[in-house]
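Each remark here refers to the structure printed beneath this line.
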Amino acid sequence: MKSALALAAGLLALAASAADFPAKDKVITIVVPFSAGGPTDRVARDLAEAMRKPLGGVSIVVDNAAGAGGSIGANKVAKAAPDGYTVLLHHIGMSTMPTLVRNIPFKVESDFEYLGMVNDVPMTLIARPTMQAANFKELQGWMAQNKGKINLGNAGIGSASHLCGLLFQSATQTEMATISFKGTAPAITDLIGGHIDLLCDQTTNTTSQIEGKKVKAYAVTTTKRLTTPALKDLPTMDEAGLKNFQVTIWHGLYAPKGTPADVTAKLNEALKAALKDPEFIKKQEGLGAVVVTDKRIEPAEHKRFVAAEIAKWSPVIKAAGVYAD
Ligand code: ASP
């Protein structure tokens, strides 16, 4: 009897907290599983700003729980209290980690509530500023001459840069030494400093560096050329001779499994409002990203899409024969 009463009290408390969500005196934390200043972080900070108003002005902060290719941050959210105050912004890594990393301590399919997708982001192949190659063809010549000596940065196993780098090595049949960072913000710093040679990274991180001529850029990973002024003259990988080389990164928002349905509904509504916010759209477009307007904004479709991406990337990763423990 006592436990039934406790259960009823607990359920009432939960119902009250869902009705009040988000409470004015609480803070919503968006966990970013990569370093501050990088592409995922940038999307999260813009999103935090755009979701604040539709959530009644509540404070939204970003927590960079970086490392292990994004699995540390994802695990933190999988184990967080399911009350809506901790959410995860993650990218395509949600679909590559289950195949790339053998022992991830959470399940992408069952440990999260899916809240909807945010954007699609192309990637660019960039090099240190001292790279002499004037175009992709010359870069390939340089790669042929420097086999065994090339360093390629990434944000850890399972990250977008890791995936893109694997595909690039396989498409050019060039093995490279990969250097892992906690995100591509520190990787790009080392690229600018000339400590690594190449990096494949989202346009949300590379556009301003390309514009400022801090790095050399050689190709984009989309099937069509981009329209962003700083990127429009870059060939697609396909045009540059790497047939069918296509990677588009996407970001999605997640809450811990068990977060009450009316709380996830409020978060989804706020996300939808953010994706219609002209200021947010303008910022994303300026960085080469495209805000989601299709049905992937609905949690069920977001979940279906991630499952399809797992099925799409799993054979590619298995064929490349790369795993981590
Ligand atoms: N761009 C990184 C990646 O390669 C992630 C980041 O630093 O946001 O996955």
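Taken together, the values in this text are just the output of simple stated rules run on the coordinates, not laboratory data. All figures in this text were calculated on a predicted structure; none of them were measured in a lab. For neighbour counting, all protein chains shown are included, and Cβ atoms are generated from backbone atoms with ideal geometry for every residue, glycine included.
The table that follows gives values for the structure above.
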read-out: Sequence-distant residues sharing a close amide H with Ser35 (under 5 Å, placed H); value: Gly183, Thr184, Ala185
read-out: Net lengthening on full extension, Lys214/Arg102 (0.36 nm per residue, minus Cα-Cα); value: 36.6 nm
read-out: Share of Cα-Cα pairs in segment 233-325 lying beyond 17 Å, as whole percent; value: 66 percent
read-out: Which of Ser110, Ser159 has the fewest Cβ neighbours within 10 Å, and the rest in rising order; value: Ser110, Ser159
read-out: Residues of type lysines that Lys282 reaches as a straight line, Cα spacing below 16 Å, ignoring anything fewer than 8 places off in the same chain; value: Lys272
read-out: Distance (nanometres) between label positions extended 7 Å along Cα→Cβ at Lys137 and Gln173; value: 2.0 nm
read-out: Karplus 3J(HN,Hα) series, Hz, for segment 150-156 with 6.51 cos²θ - 1.76 cosθ + 1.60 (x for Gly, Pro); value: 8, 9, 10, x, 7, 9, x
read-out: Rel. contact order, % - alpha carbon contacts under 8 angstrom, at least six apart, segment 165-278; value: 16 percent
read-out: Gain upon complete extension [Lys312, Thr227; 0.36 nm per residue less C-alpha separation]; value: 27.9 nm
read-out: Antiparallel %, DSSP beta bridges [both residues in the chain], to 5; value: 60 percent
read-out: Of Lys76/Lys182; Lys107/Lys318; Lys266/Lys318; Lys266/Lys312; Lys149/Lys213, those spanning more than 27 Å from alpha-carbon to alpha-carbon; value: Lys266/Lys318; Lys266/Lys312
read-out: Sequence-distant residues sharing a close amide H with Asn119 (under 5 Å, placed H); value: His251, Val292
read-out: Contact order relative to length of the chain, as percent, for alpha carbon pairs under 8 angstrom and 6 or more apart; value: 27 percent
read-out: Long-range HN-HN contacts of Ala80 with modeled amide H, under 5 Å; value: none
read-out: Relative contact order, percent, segment 246-325 [alpha-carbon distance under 8 Å, six or more residues apart]; value: 19 percent
read-out: Phi-based couplings in Hz for segment 281-289 (Karplus 6.51, -1.76, 1.60; Gly and Pro marked x); value: 4, 4, 4, 5, 4, x, 9, x, 9
read-out: Distance cut-off 19 Å, percentage of C-alpha pairs in segment 26-185 lying past it; value: 59 percent
read-out: Average silhouette area of the chain, convex hull of alpha-carbon atoms, in square nanometres; value: 17.0 nm²
read-out: Two-site label geometry, Gln246 and Asn146: point separation in nm, points 7 Å out along Cα→Cβ; value: 3.0 nm
read-out: Hydrodynamic radius of segment 131-205 per Kirkwood, over alpha carbon pairs, in Å; value: 12.5 Å
read-out: Test item: Cα-centred dipole of the chain, Lys/Arg +1 and Asp/Glu -1 on Cβ, debye; value: 200 debye
